[in-house]
Structures are given as structure tokens and as C-alpha cells.
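Derivation of every value follows stated rules applied to the coordinates shown; laboratory data play no part. The structure presented is a predicted model; accordingly, all values stated were derived computationally and were not measured. We place every Cβ from the backbone using ideal geometry, glycine too, and count neighbours over all the protein chains shown.
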């Protein structure tokens, strides 16, 4: 069974995000999967906060990618592939160029592009246990 962390409240999410970034300090590519409403965007918001992103983070469902900026003026990219039909759509928006930038890239619904992913990444699956408790599987 893969390692996992269970959090019981949103107040623990900032600490979890900090630990994820510390443990995976040499990674910049993070894929988050889970059912609709499981907390993918919420975890990405916490990760961005830990990175020093000041602007408001939100799911880029319609735009596919949002760009945020840290206090150090470094971009952070947040992808949401929920609405794409084929992995080629990700390629068409320059997805690989974003990955090659060396900046943080957080991807929701990465299972939609799994067949084109060969990059080393941190894979996080979120399972909603109940209204407050989530299981994070790494």
C-alpha cells in the first residue's frame, strides 16, 4: 500500500502543503487526481500559498491554465484538464514548454493526459472520506 496522509480539517492543509514541498523539494511537476469536489484546487491553493503566491488562486477549468506569481516574481502554473477531450489538446497549448520552464506546475485531472506523460512527477490522489476528512495518497 502506498504511503498516505489523512487530514481532518482545512486548518491542517497548510502544514500538509508545506511538508509536500519540503519532501519533494527537487520536483516542480505535481499531478493531482480525485473525484470532483475532493479538494484538488484547495490543495493547490495551499501549495501556492506556501510558495509565496499572493494573487488569488482558482481552478482554471475554462482557461485550462492559470499563471500565478510568487513574491520572488517566479511564475507558478496551474492546469485543469477536466474539459479536454484528448491529450493532444494539452500539447496544443504548449504544456511541455510549461514543464520545461523549471517552474512549478500543478495539474488537476492529469489522468486525462496520462498517455503523454513520461516526465518524473509527484502523483497525489485525493480520496474524500467524509465532509471534512481527505486521504492523500502519494
Top-ranked residue of the stretch 45-58 - restricted to ones that are within 15 Å of residue 30 (Cβ to Cβ) and in contact with a helix residue (DSSP H, G or I) (Cβ under 8 Å, 6 or more places away or on another chain), ranked as surrounded by the most Cβ atoms within 10 Å (Cβ to Cβ): 47
Within the stretch 6-23, residues being in a helix (DSSP H, G or I) and either over 10 Å from residue 47 (Cα atoms) or in contact with a helix residue (DSSP H, G or I) (Cβ under 8 Å, 6 or more places away or on another chain) (or both) number 12
Answer with yes or no whether residue 89 is part of a strand (DSSP E or B) and surrounded by fewer than 20 Cβ atoms within 10 Å (Cβ to Cβ). no
For the structure I just gave you, tell me whether residue 33 is free of Cβ contacts under 8 Å to residues at least 60 places away in the same chain, touching a strand residue (DSSP E or B) at 6+ places or on another chain (Cβ under 7 Å) and either in a strand (DSSP E or B) or over 20 Å from residue 12 (Cα atoms) (or both). no
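Rundown of residues vs (1) under 21 Å from residue 3 (Cβ atoms); (2) more than 13 Å from the chain's Cα centre (by Cα), yes/no style:
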{"position": "60", "(1), (2)": "no, no"}
{"position": "85", "(1), (2)": "no, yes"}
{"position": "91", "(1), (2)": "no, yes"}
{"position": "111", "(1), (2)": "yes, no"}
Could you say whether any residue in the stretch 99-117 is in contact (Cβ under 8 Å) with a residue 60 or more places away in the chain, touching a helix residue (DSSP H, G or I) at 6+ places or on another chain (Cβ under 8 Å), in a loop (DSSP other than H, G, I, E, B) and over 22 Å from residue 134 (Cα atoms)? yes
